[in-house]
Amino acid sequence: MRFFYLEKTDPDESTKTRLYLLVVIFFVVITTYLSPLKLIRYFYPEMFNRDSSCILLNITGIPCIFCGLTRSFEELVSFNLVNSFYYNPSSVFIFTFLAVLSLSIFILSLYNYKIRLVSGKKTFIAITLVIVTVWIMNIIFGHH
């Protein structure tokens, strides 16, 4: 069963891919350390009656799939895997997967290739199962 395949691209599209990838990585790193949620917390303190900036957690008491990822990323960058796992148990796997994927996209773009996802029912089911599993891990084992 194939979830993706490689597709040949032209050099201009490969350059754009590398640029987009670098912009996304820059945006993620900047928003991790300069969180806009701090401003929202300042103006709407009643939405954040807990220590978390997660709106879903504050309203329902149920953590979202992303709860703890920012703190986990900060710990992972400091090479503190235990604390990273403590804030969101699936974070180490998520960040490792994203790092490998980003590096693969970058290297493939150097050779004018791109990754194309196979759209279909099996791909959708596989992605949904991964997301639900990660969310359940965060609900059961995550620090909230």
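Do you know which of the residues in segment 110-132 that are charged (D, E, K, R) and not in a helix (DSSP H, G or I) is surrounded by the most Cβ atoms within 10 Å (Cβ to Cβ)?
Within segment 110-132, the first condition is being charged (D, E, K, R), and the residues that meet it are 114, 116, 121-122.
Imposing the further condition that a residue be not in a helix (DSSP H, G or I) reduces the set to 114, 116.
Numbers: Lys114: 16, Arg116: 11.
Restricting to residues being charged (D, E, K, R) and not in a helix (DSSP H, G or I), the top hit is Lys114.
Filtering segment 50-109 down to residues that are charged (D, E, K, R) and part of a loop (DSSP other than H, G, I, E, B), which residue is farthest from the chain's Cα centre (by Cα)?
In the first step, residues of segment 50-109 are kept if they are charged (D, E, K, R); the result is 50-51, 71, 74-75.
When the remaining residues are screened for being part of a loop (DSSP other than H, G, I, E, B), the result is 50-51.
On the way: Arg50: 23, Asp51: 21 Å.
Out of the qualifying residues, it is Arg50.
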#### Entry: Close pairs (7 angstrom Cβ cut-off, 6 or more residues apart or separate chains): surrounded by 12 or more Cβ atoms within 10 Å (Cβ to Cβ) and modelled with pLDDT of 90 or more in segment 1-30, β-branched (Val, Ile, Thr) and in a helix (DSSP H, G or I) anywhere
Thr17/Ile105; Leu21/Ile105
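Restricting to segment 118-135, give me the number of residues that are under 18 Å from Tyr5 (Cβ atoms) and under 19 Å from the mean Cα position of the chain (by Cα). Quick ask: steps written out before the conclusion?
Restricting attention to segment 118-135, the residues satisfying the condition of being under 18 Å from Tyr5 (Cβ atoms) are 118-124, 126-127.
Checking which are under 19 Å from the mean Cα position of the chain (by Cα) leaves us with 123-124, 126-127.
So the count comes out to 4.
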### Message
Looking at Ser109 and the list (1) under 30 Å from Lys8 (Cβ atoms); (2) without any contact (Cβ under 8 Å) to a residue 24 or more places away in the chain, which single condition is not satisfied?
### Response
(2)
### Message
Considering only segment 87-105, I want to know if a residue exists there that is of a type in the set (A, V, I, L, M), surrounded by fewer than 16 Cβ atoms within 10 Å (Cβ to Cβ) and in contact (Cβ under 8 Å) with a residue 40 or more places away in the chain.
### Response
no
### Message
What's the number of the only condition in (1) out of contact with any strand residue (DSSP E or B) (no Cβ under 7 Å at 6 or more places or on another chain); (2) among the hydrophobic types (A, V, I, L, M, F, W, C); (3) outside any helix (DSSP H, G or I) that Ile139 fails to meet?
### Response
(3)
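Being modelled with pLDDT of 80 or more and of a type in the set (A, V, I, L, M, F, W, C) is true for just one of Ile62, Ile55. Which residue is that?
Values: Ile55 fails: modelled with pLDDT of 80 or more.
Just one listed residue meets the conditions, Ile62.
The values are calculated or read from the model by the stated rules, or taken from the named source; none is laboratory data. Remember, it's a predicted structure, so these values are computed and weren't measured experimentally. So basically every Cβ, Gly included, is an ideal-geometry build from the backbone, and we count neighbours across all protein chains shown.
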